[in-house]
């Protein structure tokens, strides 16, 4: 073998595989999506970009308002910032299945995408955030099925639908359940206060207003328990998507999420009452001075604790669910990894 042939063989062996685009079975040049590793034909890239740009442009009118909704102290979506990262985490955990899934455009995605984009436009014209939220999700589902195919669409369907938890799409449910939940949460909190030795009186005219010996407070709409129930339901569905539990255990998780949310919400309201009563009885106590230092714009230590405790309770919910899922996974009857 000549020296020139040896150099050619050596050069070929040293050339990294990544130096050339990944070909498919028919030799088509492929594009590999970062992180997830999904391969699609390069000729599909313009359609991918068109679908993404269409969804983003038509959805921008409400997408730009989401941060304000998430950080609204009187809102119901303080968990919303976490939701897109949770969806991405689920997709990342399914990356091996996504890589192996067959990629071919599915015609069913076209009407779904078209309806989603039309609803986005309609929701924008009438300034309805709920319609825009549902339409955006629908458009994403249609785009995924059309560009990547049915197998990828099936794997991505749950993470895309999960995005609804970051959007103000449940206004009619909030309106219907807030007042009953306010009353229930008030009763739970006052019962807890009674158990630990505090006297309470609920005004019969306003059953969400609580009088204590030295402190009074009202359980408002955002403290009704719906806010925490919504967040805990989102966390529960996230754990269901990433765990390997059986259907029975998944249903058990969903069944305990609402009672757990109401209990933790009642515990938080109880602590607001305890801190407020203690602040009125001992305004110069070290704990009260420290709480008051967190927000010098108001003197009500109960309300200061109220403002900061919401995020702490969200974190506590996530930790509790994590350990419940771990305990269930150690049991029997789990499914194969999804």
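If you go through segment 265-279 one residue at a time, do you hit one that is without any contact (Cβ under 8 Å) to a residue 24 or more places away in the chain and surrounded by 13 or more Cβ atoms within 10 Å (Cβ to Cβ)? Yes, the conditions are met somewhere in segment 265-279. Is it the case that residue 187 is in contact with a strand residue (DSSP E or B) (Cβ under 9 Å, 6 or more places away or on another chain) and part of a loop (DSSP other than H, G, I, E, B)? For residue 187, the condition - in contact with a strand residue (DSSP E or B) (Cβ under 9 Å, 6 or more places away or on another chain) and part of a loop (DSSP other than H, G, I, E, B) - is not met. The condition (being surrounded by 16 or more Cβ atoms within 10 Å (Cβ to Cβ) and under 22 Å from residue 258 (Cβ atoms)) is satisfied by just one residue among 180, 168, 105: 168.
Matching residues to (1) under 25 Å from residue 154 (Cα atoms); (2) touching a helix residue (DSSP H, G or I) at 6+ places or on another chain (Cβ under 8 Å); (3) buried (at least 19 other Cβ atoms within 10 Å of the Cβ):
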position	(1), (2), (3)
218	no, no, no
242	yes, yes, no
247	yes, no, no
259	no, no, no
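If the condition is being in a helix (DSSP H, G or I) and surrounded by fewer than 19 Cβ atoms within 10 Å (Cβ to Cβ), then segment 92-102 contributes 92, 93, 95, 96, 97, 99, 100. Restricting attention to segment 105-126, the residues that are in contact (Cβ under 8 Å) with a residue 60 or more places away in the chain and either on the phi > 0 side of the Ramachandran plot or not in a helix (DSSP H, G or I) (or both) total 1.
Every number here is computed from the coordinates shown, using simple stated rules; none is lab data. On a predicted model such as this, the values are computed, not experimentally measured, just so you know. In this analysis, Cβ positions are derived from the backbone assuming ideal geometry, glycine residues included, and neighbour counts consider all displayed protein chains.
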